[in-house]
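The values are calculated or read from the model by the stated rules, or taken from the named source; none is laboratory data. Worth saying up front: this structure is predicted, and the values here are computed from it rather than measured. When we count neighbours, we look across all protein chains shown, and the Cβ atoms used for this are built from the backbone with ideal geometry, even at glycine. With ligands, DNA and RNA removed, areas are computed over all heavy atoms of the protein, side chains included. Shrake-Rupley method; radii C 1.70, N 1.55, O 1.52, S 1.80 Å.
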Amino acid sequence: MHSVSQEQATSAMPTDRVERTRFWRDSRFLGMECMTATFITHEFSPHSHDTFSIGAIEAGCQVAMIRGEREVTGPGALYLINPGETHDGQPGAEEGYRYRMIYPDTQVLTDMLEETTGRTFQGTPSFGRQLLTDPQLATAFNRAHARLEDGTSALESEESMYSVLAAMFARHGSSIVVPRDYREPAGVRRARDYIASHFDAEIGLEDLAKASGLSRAHLIRAFRKHYFITPHAYQTDLRIRHARRLLSAGGTPSDVALACGFADQAHLTRHFKARTGLTPAKYRAA
């Protein structure tokens, strides 16, 4: 990615110094989650999503990390993050940033590609680059997203977003998912699988060391090196991803907290907001 400079990124700033979020789901895109937000001090912990994370900054500056690379992103930058990719984000200047995001399921892009090409899509859609600069497409995305948000014309808003997603994939997408890297250390993979199978339970480092066949010190270093996240942070991320599904299905924050292995609702709320920018109650009510 061609990084934008700090000066370029902060050339257009949010309209005020108040953090705001608006979150909703759009049934026309299989219940796709959508968010408009201004963040001044909020910092996202490393996390991932079951869906794509697609968005653009309207004003201000964010510093984001993905695949171990940290970039300054501002107006003109695009986020095209595949499901399961660990990333974070924090304001890159004291004025913060304002951005628009959507979280489409893989099926949304698959359906779009099949309709566009007129044939069955083989494989799984993905993007080869997760942070890149494309001012024209970023502007088009923000306009389409704003139309979804204001709801003034159902046909215009759906048509705009559909066209932008098609253009994104045509310009930056790939029909081939990068296969699992089998150079991945087997022990680290065993540790990751163990966490995935026990994400809602208390896991000790000794348990992980036995499952992986590695020493505790080696495991922590290797896990972070390969997945760009610590074992504990990965477990917390899996808990939050599961919590999102339960909350979307109508679960109460208190019940979801217990089901996902959190000590209580306050514990869930703290970690949930750190990874989504929303409280569990606000997410559930959308």
Cβ pairs under 8 Å, 6+ apart, first in the range 264-279 and closer than 17 Å to Thr41 by Cβ, second in a helix (DSSP H, G or I) and among the charged types (D, E, K, R): Arg275/Asp237; Thr276/Arg244; Thr279/Lys273
Residue within the range 129-146 that is within 23 Å of Ser248 (Cβ to Cβ) and either open to solvent by less than 10 Å² (accessible area, probe 1.4 Å) or assigned to a loop (DSSP other than H, G, I, E, B) (or both) present: yes
Odd one out for Ala77, checked against (1) open to solvent by 30 Å² or more (accessible area, probe 1.4 Å); (2) over 15 Å from the mean Cα position of the chain (by Cα): (1)
Total residues in the range 248-280, condition open to solvent by less than 60 Å² (accessible area, probe 1.4 Å) and not in a loop (DSSP other than H, G, I, E, B): 14
Strands (runs of 3 or more DSSP E) contained entirely in the range 22-123, each with at least 3 residues that are over 30 Å from Lys225 (Cα atoms): 32-39, 53-60
Matching entry among Arg245, Arg221 (being open to solvent by 40 Å² or more (accessible area, probe 1.4 Å), free of Cβ contacts under 8 Å to residues at least 40 places away in the same chain and of a type in the set (D, E, K, R)): Arg221
For Glu158: the one exception among (1) open to solvent by 60 Å² or more (accessible area, probe 1.4 Å); (2) free of Cβ contacts under 8 Å to residues at least 40 places away in the same chain: (2)
Some residue of the range 201-216 being of a type in the set (Asp, Glu), outside any helix (DSSP H, G or I) and exposed (fewer than 15 other Cβ atoms within 10 Å of the Cβ): yes
Test: residue in the range 95-108 that is in contact with a Leu (Cβ under 6 Å, 6 or more places away or on another chain), open to solvent by less than 30 Å² (accessible area, probe 1.4 Å), among the hydrophobic types (A, V, I, L, M, F, W, C) and within 21 Å of Trp24 (Cβ to Cβ): yes
Cβ pairs under 8 Å, 6+ apart, first in the range 23-45 and under 16 Å from Arg244 (Cβ atoms), second open to solvent by less than 20 Å² (accessible area, probe 1.4 Å) and of a type in the set (S, T, N, Q): Ser45/Thr236
Unique residue being modelled with pLDDT of 95 or more and under 19 Å from the mean Cα position of the chain (by Cα) when the list is Ala274, Ala259, Ala286, Ala266: Ala274
Inter-residue pairs, beta-carbon under 9 Å, first on the phi < 0 side of the Ramachandran plot and in the range 113-129, second of a type in the set (Val, Ile, Thr) and assigned to a loop (DSSP other than H, G, I, E, B), 6+ apart: Glu114/Thr120; Thr124/Ile176; Thr124/Val177; Pro125/Val177; Ser126/Ile176; Ser126/Val177; Ser126/Val178; Gly128/Val178
Residue check, His232 open to solvent by 60 Å² or more (accessible area, probe 1.4 Å), at pLDDT 90 or above, part of a helix (DSSP H, G or I) and not basic (Lys, Arg): yes
